[in-house]
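In what follows, a single structure is set out as structure tokens and then discussed.
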Amino acid sequence: MIKNFIRYIVNIFDVSKKMLLLHRFSIFLDESTPEELHKNLLAWRLFKREYGYLRSLKENQCVNANGEPIPWYTYPAIEQLRLWDFNNCDVLEYGSGNSTKWWAARCKTVTSIENSKLWYETVLKNKPDNCQLILSEVDNDVIDQEQIERYIEVIDKLDMFDIIIVDGFSKAGTRKKCVEKALSHLNPGGLLIVDNADWLPKTCKLLRDAGFFEIDFSGLGPLNAHAETTSLFFKNDFKIRPISDKHPGYATGGLKLNYDLEV
């Protein structure tokens, strides 16, 4: 009798899950023509096969379709950055991870400032040779202004950089203060990247007021189930150039067409 009761409960649970899935998909199917459904499936295949979104979810880390590390930026921002030549650039990033490996493969040096000791030790195990990883601990659970100030001011002990990425610790207005510090450490013609810019309106205004042009790349990113914005800031002396004269080239998962060909 008990076994039958348990089997009954399990069956209800399984049926409930199946009904929920069917309900979700029925809404999707009811609102889609066969042509629309076909395009939806192709779009999903683009994220799954070309961008590696599903692989990132399975591995719980930011990787592309080949399992290679990519930054935790939006896919549109990564698409743009992968087209530029950073070979002679020195890069500083607040926050470390797969972005550290991605930048290290493309630039001269990477300096990463990390606030989490546990994550620092994880990244340190596979640190690229051209990367300097600096630990400046900040407790994620307790707002400690002294810790935060030390974290922000690490850059003052360093040199100048061609690329500065502000990501990493975000509480108590930390990223805005990091950007303020970064302004005096960015080489002429350099690039400043602000991740999660849609959550940092005052920070973005600060940069615009300082004479920077802003390009926002909004969309899905690896591991995310929501859209975000990664923003690139530069001035009119911007020196970074495309890798190829055929810039921008074909987009990931794009059609290999050429409208410049003359008949």
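Read-outs throughout are calculated quantities, based only on the coordinates presented, and are distinct from any laboratory measurement. No experiment lies behind these values; they were computed from the predicted model shown. With ideal geometry, Cβ positions are generated from the backbone for all residues, glycine too; neighbour counts draw on all protein chains shown.
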Degrees, to the nearest 10: 34-45 long Cα axis against longest axis of the chain: 50 degrees
Helix axis angle, 2-30 relative to the chain longest principal axis, alpha carbon, degrees: 60 degrees
Added length on full extension, which subtracts the Cα-Cα distance from 0.36 nm per residue, Phe213 to Leu57: 52.8 nm
17 Å Cα-Cα reach of Lys48 towards lysines, excluding residues that sit fewer than 8 places from it in its own chain: Lys39, Lys58
Assigned charges on the beta-carbon of Lys, Arg, Asp, Glu; the chain dipole about Cα centre (debye): 920 debye
Calculated FRET efficiency for the pair Met160/Arg45, C-beta based, R₀ 45 Å, to 0.05: 0.55
Modelled FRET efficiency - R0 35 Å, Asp85 with Ser32, Cβ distances, 0.05 increments: 0.25
Mean ellipticity per residue at 222 nm, deg cm²/dmol - from DSSP H runs of n ≥ 4 across the chain, formula -39500 (n - 2.57): -11000 deg cm²/dmol
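Go ahead and run the numbers for FRET between Lys205 and Asp144, Cβ-Cβ distance against an R0 of 25 Å, rounding to 0.05. Before the final figure, lay out the partial values.
Numbers: r = 27 Å, r/R0 = 1.09.
Step by step, r from the Cβ atoms, then E = 0.35.
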Global geometry of the range 168-243, whether rounded, prolate or oblate, following the gyration tensor of its Cα atoms and the 1.5 cut on a/c: oblate
Pairs from Lys108/Lys176; Lys101/Lys125; Lys101/Lys202; Lys108/Lys202; Lys101/Lys256 whose Cα-Cα separation, in the structure shown, is over 23 Å: Lys108/Lys176; Lys101/Lys202; Lys108/Lys202; Lys101/Lys256
Additional length obtainable on full extension of the chain from Asp237 to Lys125, 0.36 nm per residue less Cα span: 36.6 nm
Exposure proxy ranking, count of Cβ atoms within 10 Å, fewest first, for Cys62, Cys178, Cys107: Cys107, Cys62, Cys178
At most 12 other Cβ within 10 Å, DSSP loop - trypsin sites (Lys or Arg not before Pro), the range 212-263: Lys246, Lys256
Gyration tensor over alpha-carbon atoms, the range 75-242, equivalent ellipsoid semi-axes in Å: 22, 19, 17
